[in-house]
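Inspection log for the structure reproduced underneath, given as structure tokens.
Just so it is clear, none of the values below were taken in a lab; they were calculated from the coordinates. Every value quoted in this text rests on a predicted model; they were computed, and no experiment measured them. Cβ sites come from the backbone with ideal geometry, for glycine too, and all protein chains shown count toward neighbours.
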Amino acid sequence: ESGAYPLGEPDAYPSRVEHQPQILERVDPVVYNRSIQQDVIDEAQLHSYEQDGYLFMEQFFSEEEVAELRAELKHIWEVSATEGRPEVIREPDSEEVRSVFAVHRDSEVFKKLSMHERLTAIVRQILGSEVYVHQSRINFKPGFTGKEFYWHSDFETWHVEDGMPRMRALSCSIALEDNYFFNGPLMVIPGSHRHFIACVGRTPDQHYKESLRKQQYGVPDHASMSWLVEKYGIAAPTGKAGSILLFDCNLMHGSSSNISPLPRSNVFMVYNSIDNKLVEPFSGQRPRPGYIAARE
Ligand code: 6CS
Ligand code: FE
């Protein structure tokens, strides 16, 4: 259902339709509820999230919590190696497991994690409503062989391919290994969430089967990337396992391959506002399956 976003309204964030890339201004808020009535996030943190488009919180999870999550991660890594389920995504040039989707649905441990009280309270504060899990995934980046994720805005894909109407969603990346500058941590462009980089190229059918291994459409052009980086620079928040990175759905981000011996595995939970439920994909194509984009 289209709810608050009636048909016939022009698309505020058209992408993969023009022949030239374009930089559009964000028309949506970043923080949807500024009045603080809890103690899980303070004014300074909320402000920093709004300005930069992300918030890094060290030691958000205790060592015991991390140990439980990591044991489950290891279990999923082992069983996924031989599984043919579509939720299991492999590296572009090998059969090594790259990502496993819908872990909040298929694993009790990650289901519990997705409903974590202190975490979801922060998310509800930022998005100003009740929320639900739009997507979850583990990204495995083993030492030596873990491959990169090229620069992208998640919202660009979720809007075009999944029909997410507005920028009212965020990701929480939970570090399950220590993150260093050298083991392929997430890199972000602080402030980039205020600009929408409209990409070129029409999305092929069933694009997700390729894009989750290596993305080739919905990729920002070099000139726009250079403009963003010149304006804002690049940050790579790193910390111990148990730290979390909350980031806006339109924040430009990516990560390099991991040629270090030390693994880097993160679990991502994407929360969307219940007032921002998915409509038909803006590409006009068929929606992606539910394990990538929940439609209830
Ligand atoms: O296509 C997607 O939905 C996913 N792709 C990337 C590269 N990041 C966000 C999202 O998990
Ligand atoms: Fe992403």
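By the scheme Lys and Arg +1, Asp and Glu -1, what is the net charge of all other residues having a beta-carbon under 9 Å from that of Asn258?
Residues close to Asn258 contribute a combined charge of +2.
Determine, for each peptide in 129-140, 207-218, the mean count of other beta carbons within 10 angstrom over its residues, then list the peptides with the highest first. Mind dumping the intermediate values first?
On the way: 129-140: 20.7, 207-218: 17.7.
Top to bottom by mean Cβ count within 10 Å: 129-140, 207-218.
Please list, in order along the range 133-142, the HN-Hα scalar couplings obtained from phi with the Karplus expression 6.51 cos²θ - 1.76 cosθ + 1.60 (θ = phi - 60°), rounded to whole Hz, x for Gly and Pro.
With coefficients 6.51, -1.76 and 1.60, one gets 7, 7, 7, 9, 7, 9, 10, 8, 9, x Hz.
Contact order normalised by length for the range 22-276, with contacts defined as Cα pairs under 8 Å and 6 or more residues apart; what percent is it?
35
When the helices in the chain are scored as -39500 (n - 2.57) per DSSP H run of 4 or longer and the sum is shared across all residues, what 222 nm value do you end up with, to the nearest 500 deg cm²/dmol? List each step's numbers first, then the result.
On the way: 8 runs with 74 residues, N = 296.
Helix-only estimate at 222 nm: -7000 deg cm²/dmol.
For the range 77-87, what does the Karplus curve 6.51 cos²θ - 1.76 cosθ + 1.60, with θ = phi - 60°, yield as ³J(HN,Hα) per residue in whole Hz, taken in order and with x for Gly and Pro?
Whole-Hz 3J(HN,Hα) from phi for the range 77-87: 4, 5, 6, 5, 3, 10, 8, x, 4, x, 5.
Taking the number of other C-beta atoms within 10 Å as the exposure measure, put Leu262, Leu251, Leu246, Leu170 in order starting with the fewest. Intermediate values should be presented prior to the final figure.
Values: Leu262 16, Leu251 27, Leu246 24, Leu170 30.
Listed from fewest to most nearby Cβ atoms, that is Leu262, Leu246, Leu251, Leu170.
For Val160, Val88, what ranking results if the residue with the fewest other Cβ atoms within 10 Å of its Cβ goes first?
Least crowded to most crowded, the residues run Val88, Val160.
Lys and Arg at +1, Asp and Glu at -1: add these up for the other residues within a Cβ distance under 14 Å of Gln37 and post the number.
Combined, the nearby Lys, Arg, Asp and Glu give -1.
Distance cut-off 31 Å, Cα to Cα: go down the list Lys111/Lys231; Lys111/Lys240; Lys112/Lys147; Lys231/Lys277 and report the pairs above it.
In this structure, Lys111/Lys231; Lys231/Lys277 exceed 31 Å between Cα atoms.
If each residue's Cβ is checked for other Cβ atoms within 10 Å, how do Tyr180, Tyr291 rank with the fewest at the top? Before the final figure, lay out the partial values.
Values: Tyr180 15, Tyr291 18.
Sorted ascending by nearby Cβ count, the order is Tyr180, Tyr291.
With +1 on each Lys and Arg Cβ and -1 on each Asp and Glu Cβ, how big is the dipole of the chain about its Cα centre, in debye rounded to the nearest 20?
420
Between rounded, prolate and oblate, where does the range 22-276 land on the alpha carbon gyration tensor, with a ≥ b ≥ c its root eigenvalues, rounded for a/c under 1.5, else prolate if a/b exceeds b/c? Please list the in-between numbers first.
On the way: a/c = 1.40, a/b = 1.09, b/c = 1.29.
Because its axes are fairly even, with a/c under 1.5, the range 22-276 counts as rounded.
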